[in-house]
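First the structure, in the form of structure tokens, and then the observations on it.
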């Protein structure tokens, strides 16, 4: 277990399936959220959870609508105050 500067705890280890194969996992627990990566023979899964709900889904489904060739931010143009 590793503890981050804000008290987040990360657990890093290996899952052993019945076949004997090992797969990596990482679970990070903070005051408000939990994140996890779980490798398996069926593919990788990720968990994102808050105090109220969580989502566990195959990693391959997470970015299917993301275009990494485009910025994931926008800059708001400042407008002059009225009357100037």
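Bear in mind that the values in this text are calculations on the coordinates, not laboratory data. Just so we're clear, the structure is a prediction, and the values are computed from it rather than from any experiment. A quick note on method: Cβ atoms are made from the backbone with ideal geometry, for glycine too, and the neighbour counts reach across all protein chains shown.
Between residue 79 and residue 1, residue separation times 0.36 nm minus the direct Cα-Cα distance comes to 23.2 nm. Maximal additional length on extending the residue 56-residue 9 stretch stands at 15.0 nm, based on 0.36 nm per residue less the C-alpha distance. Spin-label pair residue 29-residue 48: with each label point 7 Å from Cα along the Cα-Cβ axis, the two points sit 2.1 nm from one another. Taking Rg and Dmax of the Cα atoms in Å as calculated from this structure, the corresponding entry among (1) 19.4, 73; (2) 34.4, 118; (3) 16.6, 42 is (1).
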